[in-house]
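A.B. asks: Here you go, one structure.
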Amino acid sequence: MSQVRAVVHAVFAAPARVGRVGEFLFRRSDAAFDVFPDDAAEGTVRGVGTDRVWFVGERGELSLGVRTHELSLPAFFARRRAARSGRGTAWSIASAPSSSVRQLPSIVEEHRGHLRECELAVVMVGITDALRVMPPDRWEQHLRDTVAALLDALPPTARVLVGEIPPLDNAGSLSRAARVAAGVHGRALNARTRAVAEDHARVDVVGFPEELTRSVWRPEAEEHRYRDTYAVWGAHLAAHA
């Protein structure tokens, strides 16, 4: 059993919402439990005009556990953003097959044509790299390469949002030592993320919503767990967009 898969099995019984968030994000590492939507990874919310928003990252943070992309994090983000601003939002997703930041610069390059028409790019990655204990200096370099590629491809007025890695300290029934190690490493990567953003006026970092770290999780059904978490997380990102 791989180290990542062992973590997956260890987090299933967590009672707290942060543990459940960790659980469903980690579950992407076990193919026996993976559920992803197979419809188009894009959509549009009507409004006055249309802003284009592009999401890139790992599927476990964007669309795991739901049967349609209309229940994904980007879809909830777009609906909340349109409700707040009155403007329409056209969203799309590009996922990294490796679920790692190291693959993002090449994905950005593949989508340069589309990015020329976008007002915002959102980077959601890090759970897998934290579990694999990617060295912070390597994480920072890959993220810098990603941000540089995005800023070069986007229009001069467009912005980049980077979502922080969720807290891993309370990830299910892991041993205390494993929880502490995961939390420390995730925070180390987040610190490097903030350092990258400080060097670019058009880049902002958005922390994980506090609501998801303290509320007790009582899902009505499996899909409700994912849907409701994406709703809170997407709204939190939209508030900072």
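A.B. asks: Show 157, 50, 128, 44 ordered by accessible area, largest first, where the area counts protein heavy atoms only and the probe is 1.4 Å.
C.D. replies: Highest to lowest solvent-accessible surface, that is 157, 44, 50, 128.
A.B. asks: Could you tally the net charge around residue 234, taking each other residue with its Cβ under 10 Å from the Cβ of residue 234, Lys/Arg +1 and Asp/Glu -1? Let's see the in-between values first.
C.D. replies: Details: positive: 79, 80, 81; negative: none.
The answer is +3.
A.B. asks: Further question on the same structure: Residues with beta-carbon under 14 Å from that of residue 181, excluding residue 181: net charge, scoring Lys, Arg +1 and Asp, Glu -1?
C.D. replies: +3
A.B. asks: HN-Hα J couplings of the range 178-187 from phi, Karplus 6.51/-1.76/1.60, θ = phi - 60°, integer Hz, Gly and Pro as x?
C.D. replies: Working through the residues one at a time gives 5, 5, 4, 4, 5, x, 4, 5, x, 5 Hz.
A.B. asks: Spelling out what I want: for every residue of the range 95-107, take phi, set θ = phi - 60°, compute 6.51 cos²θ - 1.76 cosθ + 1.60 (Karplus), and round to whole Hz; glycine and proline get x.
C.D. replies: 9, 8, x, 7, 6, 10, 4, 4, 8, 5, x, 5, 5
A.B. asks: Spin-label point model (7 Å from Cα, Cβ direction): what's the residue 87 to residue 198 distance in nm?
C.D. replies: Taking the simple label geometry, residue 87 and residue 198 are separated by 3.0 nm.
The values are calculated or read from the model by the stated rules, or taken from the named source; none is laboratory data. Everything numeric in this text was worked out from a predicted model, so none of it was measured. Virtual Cβ from ideal backbone geometry, glycine too; neighbours counted across all protein chains shown. Heads up: the accessible areas ignore ligands, DNA and RNA and are worked out on the full protein's heavy atoms, side chains in. Shrake-Rupley method; radii C 1.70, N 1.55, O 1.52, S 1.80 Å.
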